[in-house]
Amino acid sequence: MSTSTETLPIKSAEDVVRVRQVVRTKAAGVGLSIVDQTKIITAASEIARNTLDYGGGGEVAIESVKEQPRTGVRLIFRDNGPGIPDIEQAMRDNFTTGSGLGLGLGGAKRLCTDFSIQSKVGSGTTIMLARWK
Amino acid sequence: MDRIPILKFGDCLLVTIQVDMHDQLAMALQDDLTARLVKERSRGVLIDISALEIVDSFMGRILNNIASMAKILDAVTVVVGMRPAVAITLVELGLELPGVRTALNVERGMDLIRSTVDAETASDVDLD
Ligand SMILES: Nc1ncnc2c1ncn2[C@@H]1O[C@H](COP(=O)(O)OP(=O)(O)OP(=O)(O)O)[C@@H](O)[C@H]1O
Ligand SMILES: [Mg+2]
C-alpha cells in the first residue's frame, strides 16, 4: 500500500507540457494500460490549460495510488482565479468564454473514472480527476 | 523560440512532430505552415503524429485550422500515424477532425495526397 504525490506549478505553457509528462510517468508507474494512460494524460492537459488560461495559473498535485482496492492516479488542480459562475453551463460541450471548442471540462470528465469540481466566484477553482485500473 | 521544421517534398510539405509541443509552439507551426503553403504553392500537407502520445482539444483545433487554411489555399491535409489509443481518446473527448484526412503511415499518406491532387487536377481539366 503506497501513495506518492508530486506537486507542480502551472504558470506557463511549458508547465502544461511538464504536467502531461509527470502524469504519464505516474500512470505508467502504477501500470495503467496505454489507453487509460492516454485518457488521463489528455484530461490532465485540458484541465491544466484551463488552470493557466482561465484560472490565471495555479498548481496540480499528482498522486499515484496503490492501495486496496484501488490502483491508479489522482490529480487535484487548484487555482485562485475568478471561479466559474455556472458550473453546469461550463461543463456542457461547446460552451466556451474563450476561443476554444468548449470540450475541455466535459471531455475531461468523460475520460476519467472520478471527476469533481468546486468553484467559487472570486476565489478560485479546484478540480479532481482520477483514473483507476 | 524553437520551431518545428517543415520539409518540402515535391509539391508537398512534410512535418514530423517529434516533441510534446506547448501551445505557442503548436500555434507557430500553424502560422509557419500557412506561410510556407502560400510561398511554395504546395498541393499537400502531410503531418506525421506517430510520436505524439496525446492529441487534446488544443492540438485538435490546430490540426483543424491547418486543414481549413490548406483547403482555402487549394491543398489537401493528411495526418498520419495517429496511435490507436489517441484515436480512441479523441472520440471520448468529443473532438472531431472534419477537414483532416488520415492515413496509416507516411507512404500511404503520400499516396492519398497524390491521388486526391491528381483527381482534382483531372476534374479541373474536364471543366475547361
Ligand atoms: N479554472 C477555471 N477558472 C475559471 N473559469 C474556467 C476554468 N476552467 C474553465 N473555465 C470556464 O469554463 C469554460 C469551459 O471550459 P472548457 O475547458 O470546457 O472549454 P474551453 O477551455 O473554453 O475550450 P477547449 O477546452 O475546448 O479549448 C471556459 O471557457 C471558461 O469560461
Ligand atoms: Mg479548456
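The values are calculated or read from the model by the stated rules, or taken from the named source; none is laboratory data. All figures in this text were calculated on a predicted structure; none of them were measured in a lab. When we count neighbours, we look across all protein chains shown, and the Cβ atoms used for this are built from the backbone with ideal geometry, even at glycine. Please note that ligands, DNA and RNA were not included when accessible areas were found on the heavy atoms of the full protein model with its side chains. Shrake-Rupley method; radii C 1.70, N 1.55, O 1.52, S 1.80 Å.
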Next on the checklist: Looking at region B:63-115 only, could you name the residues that are in a strand (DSSP E or B), open to solvent by less than 40 Å² (accessible area, probe 1.4 Å) and within 30 Å of A:SER33 (Cα to Cα)?
Outcome noted: B:VAL78, B:VAL79, B:VAL80, B:ALA103
Checklist outcome for this item: Of the candidates A:GLY72, A:GLY29, A:GLY124, A:GLY81, the one satisfying the condition of being within 15 Å of ligand 2 (Cβ to nearest atom) and more than 10 Å from chain B (Cβ to nearest Cβ) is A:GLY81
Checklist outcome for this item: The condition from (1) under 17 Å from the mean Cα position of the chain (by Cα); (2) outside any helix (DSSP H, G or I); (3) within 9 Å of ligand 1 (Cβ to nearest atom); (4) under 18 Å from A:GLY58 (Cβ atoms) that A:ALA90 misses is numbered (2)
Checklist entry - In region B:24-58, what residues are open to solvent by 30 Å² or more (accessible area, probe 1.4 Å) and over 20 Å from B:MET82 (Cβ atoms)? => result B:GLN24, B:MET27, B:ASP31, B:ASP32, B:THR34, B:ALA35, B:ARG36, B:VAL38, B:LYS39, B:GLU40, B:ARG41, B:ARG43
Next on the checklist: Here's a check for you: in region A:1-25, which residue that is assigned to a helix (DSSP H, G or I) and more than 14 Å from the chain's Cα centre (by Cα) is farthest from A:MET91 (Cα to Cα)?
Outcome noted: A:THR25
Item to check | Among (1) of a type in the set (Val, Ile, Thr); (2) touching a Phe, Trp or Tyr at 6+ places or on another chain (Cβ under 6 Å); (3) free of Cβ contacts under 8 Å to residues at least 12 places away in the same chain, the one test that A:ILE47 misses | outcome: (3)
Next on the checklist: Among the residues in region A:65-83, are any within 8 Å of ligand 1 (Cβ to nearest atom), touching a residue at least 12 places away in the same chain (Cβ under 8 Å), farther than 26 Å from B:MET82 by Cβ and touching a Lys or Arg at 6+ places or on another chain (Cβ under 9 Å)?
Outcome noted: yes
Item to check | Residues (out of contact with any Ser or Thr (no Cβ under 7 Å at 6 or more places or on another chain) and either within 11 Å of ligand 2 (Cβ to nearest atom) or open to solvent by 10 Å² or more (accessible area, probe 1.4 Å) (or both)) located in region A:44-56 | outcome: A:SER45, A:ILE47, A:ALA48, A:ARG49, A:ASN50, A:THR51, A:LEU52, A:ASP53, A:TYR54, A:GLY56
Next on the checklist: Taking the condition of being near ligand 1 (Cβ under 8 Å from one of its atoms) and either part of a strand (DSSP E or B) or not small (Gly, Ala, Ser) (or both), how many residues in region A:93-133 meet it?
Outcome noted: 11
Next on the checklist: List the residue pairs whose Cβ atoms are under 6 Å apart, where the first residue sits in region A:96-114 and is at the interface with chain B (Cβ under 7 Å from one of its Cβ atoms), the second is among the small types (Gly, Ala, Ser), and the two are 6 or more positions apart or on different chains.
Outcome noted: A:LEU101/B:SER57; A:LEU103/B:SER57; A:LEU103/B:GLY94; A:GLY104/B:SER57; A:GLY107/B:GLY94; A:LEU111/A:ALA43
